[in-house]
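Notes follow the structure.
The values are calculated or read from the model by the stated rules, or taken from the named source; none is laboratory data. None of the values given here were measured: they were computed from a predicted structure. Glycine gets a Cβ as well: all are built from the backbone with ideal geometry, and neighbour counts include every protein chain shown.
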Amino acid sequence: MTDYLYEKIRELIVTQIRNKALLPGDRLPSVRQFSRELNVSIGTVQKAYAALEDLDLILPKRRSGYYVKAVRAMPQPKAGSFTPVPGKVNVLETAVSVMRSASRRDLVQMGSAIPDVSGQGVRQLHQEYRRHALKIPNYEEDPLGYLPLRRQLARRLLDTGRSVDPDDILITAGCQEALTIALRCIAGPGDIILVESPCYYGVLQALECLELKALEIPVSSAGGMDTDQLETMLQTWPVKGMIMTPAFSNPSGYLCSEPRKKKILDLISTHDIPLIEDDVFARLGFNGSRPRTLHSYDREDRVILCGSISKMLSPDLRIGWIIAGQYAGKARTLKFTSTLCSPCHPQFALAGFLATRKLDRHLRSIIPGYVKKQQALINAVNRWFPEGTKISSPAGGFLSWVKLPEEIDGLRLYHDAVSAGIAITPGEICSPTGQYKNFIRLNYAVVPPEETDPVMKRLAGLLTRQAT
């Protein structure tokens, strides 16, 4: 086991040097500090450092420690390989730019993850809001949230596979606040959180603001999370928790299988860590069924379930929720000491709306449209984009993950597209290490199928210009 650990430490530092996370002249952690951080023996770290000296990558300095050497060329990994390493996150600036472009009416909106808000259900929700906005609240605000709303959510959550008490639900200002509260419940500055790779950039923003380190676990559009890699990382690093979106994950769109969910729960139980489950897309499956949550299998209250109404109906109301399990008390304290409670009128409106069958009718109406729009996008990308392009076709949600030819810079394409009147999301903000430079994420919810082809033709023209 010791040999295995020293080899992993050696490989992790090699990867950091290769990826320029460590630069020539940078000082490595002391042997004693590194052994504490990784929870391994001092001898294991010394053996790893000795191996790095043999590779002529680091240099010991008397009474000072170990430093990265200047090297002429680093050996590159085989294509497609990646060794995850915990690190700080730096996506905030680009992510804010992407979100600001989502507010521009002059752009074709294929960047931000917003649903189609043109349906009758959204209009009915807004009518409900206007009806309540004229009323003066005649009740004492409950910091947990409006009780009739929590009761309606508890009824809705029965189809997740687990019964929920309304008093276990804490209303938040959208799912982003719920995720941030959950992260604050389980970790503090400098702690390591496992994330999907690619990952929703809103999660990375929260990690960056909370000064948490991210450790990427690869996922694929078809297979989901690599549980072998997950197990290795849990054995290698002092992880404080993990966060994932198992149902139509953003941006890859994968759907976690039931056996894989149970494997993940077994692993977090064995290693005694919590898991934050982002459930916002789960009701948007194309086959009409709602996948079970990881939370529904959890019998140790390790899973913190977060959700919102934003992806089903509209982001306007900014209503989310968190079911924090063993962290419920801390979650309430964090909510109370930040925003105290969420605005009452949106809660009134949503409670009245959910008391009817209008949400179910809305989803039955909107989801077939997403199926048609996804196929229109896939057809247009296959028609206009260069050879070597690959596009995902998730079984739910309204996002597609697009791999472009290696020579394409997705961030440059994002800026060119905005200048040309199209908002997209560059793939590299979906990775704390800047992977996916030749990827983009496209939202097909808000563009009518008949308009998708000409928009993709324009975007393909920008691709051609960059490649030449």
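Things to note:
- Within the range 23-39, residues that are in contact (Cβ under 8 Å) with a residue 40 or more places away in the chain have Cβ atoms under 9 Å from residues that are surrounded by fewer than 17 Cβ atoms within 10 Å (Cβ to Cβ) and in a strand (DSSP E or B) in these pairs: PRO24/TYR67; GLY25/TYR67; ASP26/TYR67; ARG27/LYS61; ARG27/GLY65; ARG27/TYR67; LEU28/GLY65; LEU28/TYR67, counting only partners at least 6 apart in sequence or on another chain.
- Note on the range 187-203: residues that are surrounded by fewer than 24 Cβ atoms within 10 Å (Cβ to Cβ) and touching a helix residue (DSSP H, G or I) at 6+ places or on another chain (Cβ under 7 Å) total 1.
- Scanning the range 406-447 for residues that are assigned to a helix (DSSP H, G or I) and among the hydrophobic types (A, V, I, L, M, F, W, C), we see that the one that is nearest to ARG104 (Cα to Cα) is VAL418.
- Count of residues meeting criterion [aliphatic (A, V, I, L, M) and either part of a loop (DSSP other than H, G, I, E, B) or over 20 Å from the mean Cα position of the chain (by Cα) (or both)] in the range 278-291: 1
Residues checked against (1) in contact with a strand residue (DSSP E or B) (Cβ under 9 Å, 6 or more places away or on another chain); (2) within 23 Å of HIS126 (Cα to Cα):
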| site | (1), (2) |
| --- | --- |
| PRO251 | yes, no |
| PRO259 | no, no |
| ALA331 | yes, no |
| GLN347 | yes, yes |
| GLY352 | no, yes |
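- Yes/no for GLY119 being within 16 Å of ALA445 (Cβ to Cβ), over 26 Å from the mean Cα position of the chain (by Cα) and either modelled with pLDDT under 90 or not hydrophobic (A, V, I, L, M, F, W, C) (or both): yes
- Residue count for the range 354-394, restricted to those that are closer than 28 Å to GLN120 by Cβ and outside any helix (DSSP H, G or I): 5.
- Conditions (1) more than 30 Å from VAL239 (Cα to Cα); (2) part of a helix (DSSP H, G or I); number of the one not met by LEU157: (1)
- Subset tally (residues that are in contact with a helix residue (DSSP H, G or I) (Cβ under 8 Å, 6 or more places away or on another chain) and at pLDDT 80 or above) for the range 127-154: 15
- Scanning the range 155-172 for residues that are at pLDDT below 95 and crowded, with 21+ Cβ neighbours inside 10 Å turns up LEU157, THR160.
- Those strands (runs of 3 or more DSSP E) of the range 161-234 in which 1 or more residues are within 14 Å of the chain's Cα centre (by Cα), over 24 Å from ARG318 (Cβ atoms) and among the polar types (S, T, N, Q) occupy 192-197, 213-220.
- On the stretch given as the range 371-380, residues that are touching a helix residue (DSSP H, G or I) at 6+ places or on another chain (Cβ under 8 Å) and buried (at least 20 other Cβ atoms within 10 Å of the Cβ) total 3.
- Sole exception among (1) surrounded by 18 or more Cβ atoms within 10 Å (Cβ to Cβ); (2) over 23 Å from ILE114 (Cα atoms); (3) touching a helix residue (DSSP H, G or I) at 6+ places or on another chain (Cβ under 7 Å) for LEU210, by number: (1)
- Considering only residues in the range 295-317 that are buried (at least 21 other Cβ atoms within 10 Å of the Cβ), hydrophobic (A, V, I, L, M, F, W, C) and assigned to a loop (DSSP other than H, G, I, E, B), the one that is nearest to the chain's Cα centre (by Cα) turns out to be ILE309.
- The combined condition, being at pLDDT below 95 and over 29 Å from LEU354 (Cα atoms), is fulfilled by SER252.
- Any hit, the range 80-92, residues being at pLDDT below 80 and of a type in the set (Gly, Ala, Ser): yes
- Flag for THR425 being exposed (fewer than 15 other Cβ atoms within 10 Å of the Cβ) and of a type in the set (Ser, Thr, Tyr): no
- Residue that is nearest to LYS240 (Cα to Cα) [pool: residues in the range 18-51 that are in a helix (DSSP H, G or I) and in contact with a Phe, Trp or Tyr (Cβ under 8 Å, 6 or more places away or on another chain)]: LEU38
- When LEU359, LEU399, LEU411 are checked against the criterion of being under 27 Å from PRO291 (Cα atoms) and at pLDDT below 95, a single residue qualifies: LEU359.
- Any chance LEU294 is touching a helix residue (DSSP H, G or I) at 6+ places or on another chain (Cβ under 7 Å) and aliphatic (A, V, I, L, M): yes
Conditions (1) under 17 Å from the mean Cα position of the chain (by Cα); (2) surrounded by fewer than 21 Cβ atoms within 10 Å (Cβ to Cβ), marked per residue:
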position: ILE276; (1), (2): yes, no
position: THR293; (1), (2): yes, no
position: ILE319; (1), (2): no, no
position: GLY325; (1), (2): no, yes
position: THR337; (1), (2): no, yes
